[in-house]
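> There's a structure below that I have some questions on.
Derivation of every value follows stated rules applied to the coordinates shown; laboratory data play no part. The structure displayed is predicted, hence computed values, not measured ones. Cβ coordinates were reconstructed from backbone atoms using ideal geometry, including for glycine residues, and neighbour counts include every protein chain displayed.
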Amino acid sequence: MKADSLKINKVFSSGGDVHYVLPHFQREYAWEKENWQMLVKDIFSTYDVYDDKKPPEHFMGALVVINDGTRNGTVPVFRLVDGQQRLTTISLFLHALGRLVQESDAKLYKRIQRVLVNEDEPGLLYFKLLPTKKYGDQDSYLAILQNQPVPPNVDSKIPLAYAYFQKELHTRYQQGKFDPNQLFIVAMNCLQVVFIDLNQNERPYEIFESLNYKGKTLTQADLVRNYIAMKLPEKHQTSVFETLWSPIEAMLQERRTVGRSRLGELTAFLRHYLAYHVGVLCNEEHVYSRFRDRGETLDTDAFVEEIAILKRFAGYYNRLLRPEHESDKEIRQQLHRLNVLEVSTAYPFLLFAYEALEKKEISREDFLEGLTLLENYLVRRVLVRESTNYLNKMFPILARDVDTKQFGTTLRQALLTKNYPSDVRIRQAAETAKLYSSSGRPRLTLILETINRHLSTGSGAYTQLDGAATIEHIMPQKPSDEWKQTLGENLMQDYELLHTLGNLTLVTQEWNSNLSNAAYADKKAKLRVHGLLLNKNYFQNGPDTWNGDMIRERAAYLAEQIAAIWPSLGDVPEPKGWQERPKSLTILGDTFEVKSWRDVVHQTAECVAQVSDDFAAVTVDVSSYFSLEPFQGKCRQLSNGWWLYVNLSSDTVKRICDTLIDASGIPEEEFELEVW
C-alpha cells in the first residue's frame, strides 16, 4: 500500500491522461444536496482566503485505488475502491464552471475539459472518470460531459448535482463574487486528498468493507454487493454482476422503501429472503452478516447458483411490491388488496408460495386460494386491532406447517392455530375497537368498500364512489352544540365510540365536507339516498336518532357482513393475550417490568409523553382518561405533569394503549406486551 497527499490537479494527472473505473461492488452516486452545499461552501471559503504565495490547503478525504495497468498503450487505469462520491462531485463542479465560461473564456473552458477528458482516446477511455451504470449514473455523467441532454427517466442523482452547481455558480458569478480563473486554480491546487494506491495482491473488497462498514455509511445491500465481489473469483465477477446482480438492483431499488419498516427495497428483500430460508426475521442491521454467514458455507459454483436463485426470488418480490408486474389478472388484483393491508410481514411465506407455483408444486388455483386465506386472516386481525409484532415471528415459519400437496387445506389449518380471531372477537371488536387512524385509513377503506360490493351480490353489478373515498364519521369528530344537546349526559360515554366501525362510512371528499358536523337528521336524509348500498341500505330505514346504542347496532350489522365476506376458517380457541396477567412491556426497544394493567397503561402513556411534542393532541381521542388536575378516583401522574386515570379494565387499557401508540406515530412492531 502506498499513500500520498495529492492535489486535485494531480489526481486528474495535471491535464495528462488517466482513467478511473468503478468496480462492480461500488454503489450508485448517492450524495445529496447537503453534500453539494458543503463542497461549494468549502471551495468558496478556501477561495476567500487564497494567497498565491502561500496557498491554503483543504483536505477532502481519501481516494483508494488499485493500479490496473494501462489501456491503449499509454493511459494509466485505476480501479476506484473508495472515494467515487467526492471524485464524481468535484468533476461535476468543474464541468459546471467550464460551461459557465464556455462562451466568454474559451481558453479556460479548454483547460477544464483537459482535466476531465482524455482528448485523443477512443470510446469510454475518453472520460477520465467512468461511474457505475446503476440508476443511469454512467449515461447521465457521459451526457453531461458531452453537453448533451440527459437520457429521460433516469433515477440518477448526478443530473441533480450538476444542476445545483450550475445554479450556484451562475448566481455567484452574476453577483461578482468570484473570478472563474482564480476559482479554477483554487479547486485544482488547494483541494487535496490522500491517494492510497493498493497493489494487485491486496483484496480491495475487504478494504472497502473496513473503510465503510465500521462507520456504517453504507446500507446492508451495499455491503452484500461488496461481499459478492469479495466471494467470487475475478473471472466470474463480470458475468455474475451483469447477468444476475445488476438485474436484481434494477428491480429492487434501495432508494424506495418497503412498508412501515422504511427499509430500502433491496435490503428488505434480502431480509425476507433469509427469513424464508432460516425461519427467523433477523434484525435489519444484521442482514449483511447473515447473508455472509450463508455465503461462507458455499463453494464458488454453489454461490453463483445462489445468486441465480436470488434473482428469481427478486422477481417474485418485485411482483409482491408492484402487483402491476404480475401477468395473471386475478393474482394481480389479490396482491393489490394484500398490499393495502400492509402484508409485508407475510413476504417470507409469499416467497415460498411463489417458488412453489414456479416449480409447479402448487397450482394457480392453490396460489389464489392461499392469497384469499391470507386476506381473511389479516382482515380479521386488523378488525380486532392485533399487533403486527407477532406476525414478524409467525410468517417466517408458516411454511413449515404447510404441505404443498394439500396447500389450501394445510394453510387453513395452520392459520387457525396462529392467534386467528374468532367470530366472537370480531363481533366484540366491531363495537369497541377504534379502527379510524391516519395510518389505518387505507385498510379501513378497503374493508368498507368490500362490504359495499358484497351488498350487491347477485345483482350483476355494484355501485362505487365517483371520486376518491374518504371516511365519514356519522357522529362528528367535533360535535356542534346541537349534537352535545342531543347526546346529553351520555356525551362522554358515546364519544368513546367515535372511531369504532359502527360510526364510520364512506363518501367522497365533497360529501364529507358537506356533511361535516351537520345534525344527524340532515346526515340521514342524505345517506339514505346515497349511491353506495353501504349507506343507502342501512339508512333508508335507519334510526331517527344517533347515539352510542345506535352505533353498536350498526356495528353488529356490519359484523354480520364481515362474517359473510371473510367467514371463519374453522373453530378456534380464544387466544391468550390481553385477558392474561401482564409480565413485561417493550416500547421502542426498552423493556419495562409490569405487574398490573395499571402499570401497562401508565408506562405506555409515559413513553408516549416523552416522544410527543403535543401531548394534548396525541391524547385527544382518549381525553377523558387524562387531565392536568388529579382525578377523584385512582390515578397516576406522568413526568410531563398530566394525570392518568388508571382504574380500568384490561380491554379499556388495550384500547387506550392502541390509540396512544397510533397517535404518537410509534410503529406497531415497536410495542410488544408479554403476559404470563
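> Taking every DSSP beta bridge with both residues inside the chain, roughly what % is antiparallel (nearest 5)? All intermediate terms of the calculation are to be shown ahead of the outcome.
Values: 35 of 47 bridges.
Expressed as a percentage, antiparallel bridges in the chain total about 75.
> Among VAL21, ILE112, ALA62, whose Cα lies farthest out toward the positive end of the dipole of the stretch 2-213, if unit charges sit on the beta carbon of Lys, Arg (+1) and Asp, Glu (-1)?
About the Cα centre, the residue reaching furthest to the positive side is ILE112.
> Same structure again: Defining a contact as two alpha carbons under 8 Å apart and six or more residues distant in sequence, what relative contact order in percent does the stretch 513-624 show?
Values: 54 pairs, mean separation 11.5, N = 112.
RCO, the stretch 513-624: 10 percent.
> With a cut-off of 8 Å between alpha carbons and a minimum separation of six or more residues, what is the relative contact order of the chain in percent?
Values: 932 pairs, mean separation 66.9, N = 676.
Dividing the mean separation by the residue count of the chain yields 10 percent.
> Can you tell me the relative contact order of the stretch 2-213? Whole percent, Cα pairs under 8 Å, sequence separation 6 or more.
Working: 309 pairs, mean separation 80.1, N = 212.
Dividing the mean separation by the residue count of the stretch 2-213 yields 38 percent.
> Ok, one more. Quick one: putting +1 on the C-beta of Lys and Arg, -1 on the C-beta of Asp and Glu, what dipole do you get for the chain around its Cα centre, in Debye to the nearest 20? Walk me through the intermediate numbers first.
Details: 79 positive and 90 negative charges, 108 e Å.
Around 520 debye, computed over the chain.
> Fewest to most neighbouring Cβ within 10 Å: what's the order for ASP68, ASP658?
Values: ASP68 15, ASP658 21.
Starting with the residue having the fewest Cβ neighbours, the order is ASP68, ASP658.
> In what order do ASP366, ASP120, ASP544 fall by count of nearby beta-carbon atoms within 10 Å, going from fewest to most? Numbers along the way, then the final one.
On the way: ASP366 20, ASP120 11, ASP544 8.
Ranked by crowding around the Cβ, least crowded first: ASP544, ASP120, ASP366.
> Helix 548-565: angle to the longest alpha-carbon principal axis of the chain, degrees 0 to 90, nearest 10?
Relative to the chain, helix 548-565 is tipped by roughly 70 degrees.
> Once the other residues with Cβ under 12 Å from the Cβ of GLY98 are scored (Lys, Arg +1; Asp, Glu -1), what is the net sum?
Values: positive: ARG99, LYS107, LYS110, ARG111, ARG114; negative: GLU103, ASP105.
Taking every other residue near GLY98 into account, the sum is +3.
> I've got another one for you. Rank these for me by crowding, TRP546, TRP31, going from fewest to most other beta carbons within 10 Å. Mind showing how you got there, number by number?
Details: TRP546 23, TRP31 19.
The fewest-first ordering by Cβ neighbours comes to TRP31, TRP546.
> Can I ask one more? Let me see the P(r) profile for the stretch 425-565: every Cα-Cα distance counted, bins of 5 Å, each bin given as a percent of all pairs.
2, 10, 20, 25, 23, 14, 5, 1, 0, 0
> Taking the 0 to 90 degree range and rounding to the nearest ten, how far is the long axis of helix 180-189 tilted relative to the main principal axis of the chain, both from C-alpha atoms?
Rounded to the nearest ten degrees, it is 90.
> Right, something else. Taking the mean number of other Cβ atoms within 10 Å as a proxy for protection, how do you rank 611-621, 264-274 from highest to lowest? Walk me through the intermediate numbers first.
Details: 611-621: 15.5, 264-274: 24.4.
Result, highest mean Cβ count within 10 Å first: 264-274, 611-621.
> Work the Kirkwood hydrodynamic radius out for the stretch 228-315: mean of 1/r over every pair of different alpha-carbon atoms, inverted, in Å. Let's see the in-between values first.
Working: mean 1/r = 0.0741 Å⁻¹.
Taking the inverse mean of 1/r over all distinct Cα pairs, the stretch 228-315 comes out at 13.5 Å.
> Also, I was wondering about something else. Specify the angular offset, from 0 to 90 degrees and rounded to the nearest 10, of the alpha carbon long axis of helix 597-611 from the longest principal axis of the alpha carbons in the chain.
Its long axis makes an angle of about 40 degrees.
> Need one number: % antiparallel among DSSP beta bridges in the stretch 2-213, to the nearest 5.
On the way: 13 of 25 bridges.
Of the beta bridges lying entirely in the stretch 2-213, close to 50 percent run antiparallel.
> Provide Rg and Dmax in Å for the chain, with only Cα atoms included in the calculation.
For the chain, the Cα radius of gyration and maximum Cα-Cα distance read 31.1, 93 Å.
> In nm, to one decimal, how far is the modelled label at HIS454 from the one at HIS58, with both set 7 Å along Cα→Cβ?
The modelled label-to-label distance comes out at 6.5 nm.
> Expressed in nm to one decimal, what extension gain is obtained for the pair ASN67 and ASP120 from 0.36 nm per residue of sequence separation less their Cα-Cα distance?
Details: separation 53, 0.36 × 53 = 19.08 nm, distance 2.14 nm.
Gain on stretching ASN67 to ASP120: 16.9 nm.
> Please give the peptides 535-542, 474-481, 92-99 ranked by average Cβ packing (other Cβ atoms within 10 Å per residue), highest first, as a rough proxy for protection.
Working: 535-542: 17.0, 474-481: 15.2, 92-99: 22.8.
Highest-to-lowest ranking by the protection proxy: 92-99, 535-542, 474-481.
> Something else about it: Between VAL278 and MET230, what FRET efficiency follows from the Cβ-Cβ distance if R0 is 30 Å, with the result rounded to 0.05?
Efficiency, from the Cβ-Cβ distance: 0.85.
> Placing +1 on the Cβ of each Lys and Arg and -1 on the Cβ of each Asp and Glu in the chain, which of THR238, ALA414, SER568 has its Cα farthest towards the positive end of the resulting dipole?
Toward the positive end, the furthest listed residue is THR238.
> With Cβ to Cβ distances under 15 Å as the rule, what net charge do the other residues near GLY315 carry (K, R +1; D, E -1)?
Values: positive: LYS311, ARG312, ARG319, ARG322, ARG332, LYS359; negative: GLU249, GLU265, GLU324, GLU326, ASP328, GLU355, GLU358.
Overall, the nearby charge balance is -1.
> Put a dot 7 Å past each Cα toward the Cβ at ARG364 and LYS329; how far apart are the dots in nm?
Each label point is offset 7 Å from its Cα along the Cβ direction, giving 1.1 nm.
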